[in-house]
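To keep things clear, I will list the structure first and then write my remarks on it.
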Amino acid sequence: MEDLLDKLKLLSYEDEVLRKQNMKPLSRHYFALPTNPGEQFYMFCTLSAWLINKAGNNFDQPQEYDDPNATISNILSQLRSFGYSVDFPPSRLKAGYGEQVCYVLDCFAEEVLKHIRFSWKRPTYPTEEQDEETVVEDDAELTLNKIEDEIAEEDSDNDQEHFIDLKALSAQTQKLNAEESSKPEEILESNTDAAEWILEVERVLPQLKVTIRTDNKDWRVHVDQMHQHRDGIDTSLKETKGYLDKLHNEIAKALEKVSSREKYINNQLEQLVQEYRSAQAQLSEAKERYQQASGGVTERTRILAEITEELEKVKQEMEEKGSSMTDGAPLVKIKQALTKLKHEIVQMDIRTGVVEHTLLQSTLKEKSNMTRDMHALNIPDSSIGAY
């Protein structure tokens, strides 16, 4: 993630993406840790689209309400077109964070750097400047650094090969002290006015002020600090060691009391423990017998349920037969049918009588007609014989 952030900064993503989209800059662990999956996924899609377009391919900027699965598939197809392998499920990118998200964005950033022909150069390290405390500068103030610079300039002007002889300087100082001590006391008295002397001192006082600036990189300072810390640790250790020893002794005594009390309790409760163990053994045996008995009861309960079901069926059949035997509805129906049948027989008899009467009338009528016809034929014959 840190390498990806460096590459994005090289590509000026702050000006081209963040300011246009009005987004916050990314942190060093933005896509590495889960913070807000929805916001991280939208940022991932936005950066991917920007990098793909910057690498030379056309890719539409994803919107907030687009289908995430379609957007992820389009991004992965673009990644495959650049020649990178995708050996992870696309659902890993939907979370918006993780190793796969960083991998995809890093690949796109690499392609953009190749497209713009970016080349890495050797780093240029800035020169380290010594940290100096801010001191009010004054032309009249005399600092130790100025004194050293002036001495160095004088030495370089005179001769670089000349060195200060400390022994000769100390001998000369002792000689001057001896001469001053051998002078009479009258010469040591001064005739200078005290007021003028005070004014001169006030005038020269700013130049006599020497400011020594401490350098934090000096090893002597660190050594002194180490010694101070060590002394502090030693003093604190002496005070703390007594408390720790006392606490250790108290804890040891408490542990001894606890162990002795434990032994006493174990001795007192040994018989009860044995009884408890025997009771546990009996309980386990009773549980086994109960399980065996419960198994038999379960089987018998199943058989009883089957028998009860068959008994219910038989009872239902018996109730149906009894209800059918005691019910008089079929007999009433039979009587009604017989009455109806008798009525129909009577009607049929009447119709038969009517038909027989009609047939008899038709028969008699035919006979009368035949007789009449025969009489009508015999009368003309008699009349013919008479004439």
>> Of everything in segment 183-209, what is outside any helix (DSSP H, G or I) and at pLDDT below 60? Give them in sequence order.
In response: LYS183, PRO184
> Among the residues of segment 318-327, is there at least one that is in a helix (DSSP H, G or I), at pLDDT 90 or above and of a type in the set (Val, Ile, Thr)?
Replying inline: no
> What number of residues in segment 77-93 are touching a residue at least 40 places away in the same chain (Cβ under 8 Å) and over 21 Å from VAL17 (Cβ atoms)?
Replying inline: 0
>> Among (1) at pLDDT 90 or above; (2) of a type in the set (Ser, Thr, Tyr); (3) loosely packed, with under 10 Cβ neighbours inside 10 Å, there is one condition THR339 misses while meeting the rest; what is its number?
In response: (3)
> Looking at (1) within 22 Å of ALA95 (Cβ to Cβ); (2) of a type in the set (A, V, I, L, M); (3) over 15 Å from the mean Cα position of the chain (by Cα), which is the only condition LEU33 fails?
Replying inline: (3)
>> Given (1) free of Cβ contacts under 8 Å to residues at least 40 places away in the same chain; (2) over 26 Å from SER119 (Cα atoms), identify the lone condition not met by LEU33.
In response: (1)
> Under 9 Å by Cβ, and 6 or more places apart or on different chains, what pairs join a residue from segment 57-76 that is over 14 Å from PHE41 (Cβ atoms) with one that is in a helix (DSSP H, G or I) and open to solvent by 60 Å² or more (accessible area, probe 1.4 Å)?
Replying inline: ASN57/SER81; PHE59/ASN53; PHE59/ASN74; ASP60/ASN74; GLN61/ASN53
>> I want to confirm something. Restricting to segment 1-14 and keeping residues that are touching a residue at least 60 places away in the same chain (Cβ under 8 Å) and within 14 Å of VAL112 (Cα to Cα), which single residue is most open to solvent (accessible area, probe 1.4 Å)?
In response: LEU10
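The values are calculated or read from the model by the stated rules, or taken from the named source; none is laboratory data. These figures come from a predicted structure and were not determined experimentally. Cβ atoms come from the backbone with ideal geometry, glycine included; neighbour counts cover every protein chain shown. Heads up: the accessible areas ignore ligands, DNA and RNA and are worked out on the full protein's heavy atoms, side chains in. Shrake-Rupley method; radii C 1.70, N 1.55, O 1.52, S 1.80 Å.
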